Amino acid sequence: MRKTSLCIAVAAIFGLSVATSCAYAQDKLIKIGGLFPMSGPGSYFGVQDKQGIELALAEMNKTGVNGYKFEIQYEDSACSPLPATQAGKRLLDQYKPQIVLGEECSDATLAIMPLMDEAKVPFLNAGSSSIKVTDPGNPWTFRIMPNEVMQGVDIASNAHKRLNARSAVLLYENTNAGIGNAKVFGDTFKSLGGQVLADIGFGRDVNDFTAIATRIAGLGKVDVIPTYTLEGQGLRITQALAQAGVSKGGGGQAIQLGTIWLPFGFEQKAGKAALGYVRIVQFDPTDKRELVQNFIRSFKAKYNQEPTHLNAHAYDQILLIADVVRRGGKDPQSIRDTLAATKDFHGVTGSVEFDKHNQNIRMDTIHYMETLPDLSWQALAWN
């Protein structure tokens, strides 16, 4: 109210229209839309994304960037195409953001993309892996995390080279991301001389993995089991494999391989069954860079807990937007154009350089971690 009154007074003194002078004042705000799963099986994504975003916004708004402050409005996209589409429409129609962040789940992200393209609003994604997000993609969608092809080739190559794996079983949810990730791993692994003993997909409604674990136990020697699913099913799969004596956590030899789909704290929930699990995350808390250590200190001071990789990549999304504003972005078109020109951004999770499809080509956002007997992590310097 005070800002509006001041606007009117200034306009009256200088003979300006209220609409023109007030519009100028409001232009000094970058409005960000947040489409994250706050409900459903991926709700842990939304909770942790919001923590990282709120920390970064508080830091950026202490001084502003080029005279701009930042605000965000969240909508629950529920890790699913229909609610994601509905939430995206609400944001665009009611909030009218200059840029939108989200989603984590690939199917939801793919559903949102056409809305942003039609509205000509840049859409910044951190964690969805489906190749369809950026290939062929659209000029308004950007992705920070390496796509499923980049991830799959890297994981399969490291499994073959560093773990000396020669046999694998693929486990994945029947979604764009699950199917795509498993296929890339399988194709790459076979091209290196490895053998895929079984290719097993399942719906998100499956809760009992005993039969699948028993089937895998009967396949003979299995070196690695790349697993692509959300936390709930991931937990049950890991425990079932251990109970069947397949994985290291159950006294077997197979090593589970995973992606950023699982949150920090998964090991504590899985217990001994998680022993030897090797998975990629977007954040290495042992990274000695001052940027990383400052983030950890600030996060612990605000939330009284250790940050996760989801906290970190959400935090980086805001830092990247601030960098874009610092370089001259201020409206949807200029933000899009400046994002596309990003070549040397360094964040907590790693660095960003977008190619012609707006896909980050830097691989230092992939960090490999191995679960130790005490359920802590050992960072593996594989990238």
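Going by the conditions given, is SER376 among the small types (Gly, Ala, Ser) and surrounded by 15 or more Cβ atoms within 10 Å (Cβ to Cβ)? No.
For segment 135-149, the set of residues classified as surrounded by 19 or more Cβ atoms within 10 Å (Cβ to Cβ) and of a type in the set (S, T, N, Q) consists of THR141, ASN147, listed by residue number. Among the residues making up segment 40-55, those that are closer than 20 Å to ALA111 by Cβ and either assigned to a helix (DSSP H, G or I) or at pLDDT 95 or above (or both) are SER43, PHE45, GLY46, ASP49.
Scanning segment 188-212 for residues that are surrounded by 15 or more Cβ atoms within 10 Å (Cβ to Cβ) and either in the same structural domain as ASP107 (by TED's automatic domain parsing) or part of a helix (DSSP H, G or I) (or both) yields THR188, PHE189, ILE212. If the condition is being out of contact with any helix residue (DSSP H, G or I) (no Cβ under 8 Å at 6 or more places or on another chain) and touching a residue at least 40 places away in the same chain (Cβ under 8 Å), then segment 107-134 contributes only THR134. Filtered by the rule that a residue be within 17 Å of ALA165 (Cβ to Cβ) and in contact with a helix residue (DSSP H, G or I) (Cβ under 9 Å, 6 or more places away or on another chain), segment 250-266 gives GLY252, ALA254, ILE255, GLN256, LEU257, GLY258, THR259. On inspection, ILE179 qualifies as out of contact with any helix residue (DSSP H, G or I) (no Cβ under 9 Å at 6 or more places or on another chain), of a type in the set (A, V, I, L, M) and either within 22 Å of PHE202 (Cα to Cα) or assigned by TED's automatic domain parsing to the domain that holds HIS313 (or both). Residues in segment 342-383 that are of a type in the set (Ser, Thr, Tyr), more than 12 Å from GLN282 (Cα to Cα) and not in a loop (DSSP other than H, G, I, E, B): THR371 only.
Rundown of residues vs (1) surrounded by 19 or more Cβ atoms within 10 Å (Cβ to Cβ); (2) modelled with pLDDT under 95; (3) aliphatic (A, V, I, L, M), yes/no style:
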position: PRO285; (1), (2), (3): yes, yes, no
position: LYS288; (1), (2), (3): no, yes, no
position: ILE296; (1), (2), (3): no, no, yes
position: LYS300; (1), (2), (3): no, no, no
position: THR308; (1), (2), (3): yes, yes, no
position: TYR315; (1), (2), (3): yes, no, no
position: ILE321; (1), (2), (3): yes, no, yes
position: ILE335; (1), (2), (3): yes, no, yes
position: ALA340; (1), (2), (3): no, no, yes
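Candidates are the residues of segment 216-236 that are of a type in the set (D, E, K, R) and surrounded by 14 or more Cβ atoms within 10 Å (Cβ to Cβ); the one that is nearest to THR175 (Cα to Cα) is GLU231.
Looking at LEU310, is it touching a His at 6+ places or on another chain (Cβ under 9 Å), farther than 19 Å from THR134 by Cβ and assigned to a helix (DSSP H, G or I)?
Here the answer is no, as LEU310 does not meet what is asked.
For segment 242-258, the criterion of being of a type in the set (D, E, K, R) and under 24 Å from ASN174 (Cβ atoms) is satisfied by no residue at all.
Identify the residue in segment 60-87 that is out of contact with any Ser or Thr (no Cβ under 7 Å at 6 or more places or on another chain), part of a helix (DSSP H, G or I) and in contact (Cβ under 8 Å) with a residue 24 or more places away in the chain and, among all such residues, is farthest from LEU320 (Cα to Cα). Step by step, filter segment 60-87, then rank; the result is LEU82.
The values are calculated or read from the model by the stated rules, or taken from the named source; none is laboratory data. Values in this document were obtained by computation on a predicted structure and should not be read as measured data. Cβ sites come from the backbone with ideal geometry, for glycine too, and all protein chains shown count toward neighbours.
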